[in-house]
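S.K.: Shown below is the structure under consideration.
The values are calculated or read from the model by the stated rules, or taken from the named source; none is laboratory data. Predicted model only: the values in this text are computed from it and were never measured. For neighbour counting, all protein chains shown are included, and Cβ atoms are generated from backbone atoms with ideal geometry for every residue, glycine included. SASA here: full protein model, heavy atoms, side chains in, ligands and nucleic acids out. Shrake-Rupley method; radii C 1.70, N 1.55, O 1.52, S 1.80 Å.
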Amino acid sequence: GLTVEVADNGQIALEKASLKTYDVILMDMHMPIMDGLEATKLLIDGGYKKPIIALTGSILATSLTKIKKIGCCDIVEKPIEKAKFYEMLKKHINSEQNNSSQNSKRTAKSLSGHILIVEDSLTMRRIIMNILGEMDIKNIEQAATVPDAKNILVEKRKIDIILCDWNLDGNLTGFDLLRDLRKDPRYSKEKLQIIMVTSESGKAEVVTALRAGASDYLVKPFANETLKSKIVVASQELAEHSGLSK
C-alpha cells in the first residue's frame with residue numbers, strides 16, 4: 001500500500017530527494033556514478049532528516065561500521081528476509097508519522113533567529129517574506145546582491161539563517177557568497193545555516209552547493225510548507241549546536 005519511486009544511482013536519488021520529501025529512503029550502498037555512501041552523506045550533511053536505510057550485500061564489520069557512521073538509521077542485508085524487512089520498514093514509517101506530529105507542535109517555539117533573504121527578484125522576496133510572516137518571524141533582512149548581503153552581515157553581525165538564490169544579478173552568484181562565507185570560521189555551519197535556492201533545471205547545483213558547505217537546499221518552485229520545514233530544521237540545528245557549545 002505504499003507509494004514508491006525508484007532511482008538508478010546515488011546522483012538521481014540526490015536529485016529526487018531535493019525535489020520531494022520521502023518518508024523513508026532505501027539506499028543501496030553500491031551503485032554506479034555515485035554510490036549510496038556518498039549520496040547519504042551529502043543528504044545528511046545538507047540537513048536531510050528523514051530515515052535513510054542502507055541496503056548492502058556486505059556483512060563485514062568494517063562496512064557496517066562505516067554505514068552507521070555516515071548516519072543511516074538502519075541496515076538491511078541482502079538477500080532480504082521479507083518478514084523482517086516489513087517489520088523494520090513499518091517501524092520507521094510509524095516513527096516518522098509520530099515525529100511529524102510532534103515537530104509541528106514545537107515549530108512556534110523553535111524560531112527566534114535572524115534571517116537574511118538574498119534574492120534579486122523583488123517578487124520572490126515578497127513571496128518569501130509572506131511565508132515567513134505566517135511563521136511569525138520578525139527579524140528578517142533582505143539583499144539583492146552579494147555585496148549587499150555581506151554588508152548586512154557586517155552591520156547586523158548576527159544572522160542565523162540565510163536563504164540565498166543561486167542566480168543573482170551582478171558579477172557574483174549565490175554560490176560565490178556561500179563559498180566565501182564558509183571560508184570564514186565566523187560563518188561555519190554551527191553558527192550560520194545557509195539554505196541555497198536553485199531552479200528545477202539546476203539540479204546539479206544541489207550537489208555542488210552541498211559539497212561547498214550549504215546547510216540545505218530549496219528547489220523552485222517550492223510549496224510554502226516546504227520552505228517552512230527547511231527554516232524549522234535550520235533553527236533546530238542551530239539550537240542543538242548552541243546547546244553543545246555551552
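S.K.: Any idea which of (1) closer than 22 Å to residue 11 by Cα; (2) part of a helix (DSSP H, G or I); (3) among the aliphatic types (A, V, I, L, M) is the one residue 214 doesn't satisfy?
M.R.: Going through the list (1) closer than 22 Å to residue 11 by Cα; (2) part of a helix (DSSP H, G or I); (3) among the aliphatic types (A, V, I, L, M), residue 214 breaks only (2).
S.K.: Just one of 157, 179, 126 is within 20 Å of the chain's Cα centre (by Cα), without any contact (Cβ under 8 Å) to a residue 40 or more places away in the chain and open to solvent by 20 Å² or more (accessible area, probe 1.4 Å); which is it?
M.R.: Answer to the check: 179.
S.K.: Could you tell me whether any residue of the stretch 163-174 is open to solvent by less than 50 Å² (accessible area, probe 1.4 Å), under 19 Å from residue 44 (Cα atoms) and not in a loop (DSSP other than H, G, I, E, B)?
M.R.: Within the stretch 163-174 (the criterion being open to solvent by less than 50 Å² (accessible area, probe 1.4 Å), under 19 Å from residue 44 (Cα atoms) and not in a loop (DSSP other than H, G, I, E, B)), the answer is yes, since at least one residue qualifies.
S.K.: Follow-up. Report, by residue number, each residue of the stretch 42-79 that is open to solvent by less than 50 Å² (accessible area, probe 1.4 Å), assigned to a loop (DSSP other than H, G, I, E, B) and over 27 Å from residue 216 (Cβ atoms).
M.R.: Once the filter is applied, which keeps residues that are open to solvent by less than 50 Å² (accessible area, probe 1.4 Å), assigned to a loop (DSSP other than H, G, I, E, B) and over 27 Å from residue 216 (Cβ atoms), the stretch 42-79 yields only 58.
S.K.: Evaluate the stretch 21-41: report whether one residue or more is farther than 24 Å from residue 239 by Cβ, surrounded by fewer than 18 Cβ atoms within 10 Å (Cβ to Cβ), modelled with pLDDT of 80 or more and over 22 Å from the mean Cα position of the chain (by Cα).
M.R.: Checked against the condition, which is being farther than 24 Å from residue 239 by Cβ, surrounded by fewer than 18 Cβ atoms within 10 Å (Cβ to Cβ), modelled with pLDDT of 80 or more and over 22 Å from the mean Cα position of the chain (by Cα), the stretch 21-41 yields at least one hit.
S.K.: Step by step: first the residues of the stretch 143-162, then only those that are of a type in the set (Val, Ile, Thr) and in a helix (DSSP H, G or I), then the one that is nearest to residue 120 (Cα to Cα). Which residue is that?
M.R.: This residue is 146.
S.K.: What number goes with the only condition from (1) touching a residue at least 40 places away in the same chain (Cβ under 8 Å); (2) open to solvent by 20 Å² or more (accessible area, probe 1.4 Å); (3) charged (D, E, K, R) that residue 205 does not pass?
M.R.: (1) is the only condition that residue 205 fails.
S.K.: Could you check how many residues of the stretch 140-174 are among the polar types (S, T, N, Q) and closer than 8 Å to residue 116 by Cα?
M.R.: 1
S.K.: Would you mind telling me which numbered condition in (1) surrounded by 16 or more Cβ atoms within 10 Å (Cβ to Cβ); (2) within 27 Å of residue 21 (Cα to Cα) residue 148 fails?
M.R.: Unmet condition: (2).
S.K.: I've got another one for you. Of 198, 226, which residue is among the β-branched types (Val, Ile, Thr) and open to solvent by 40 Å² or more (accessible area, probe 1.4 Å)?
M.R.: Of 198, 226, the one residue that is among the β-branched types (Val, Ile, Thr) and open to solvent by 40 Å² or more (accessible area, probe 1.4 Å) is 226.
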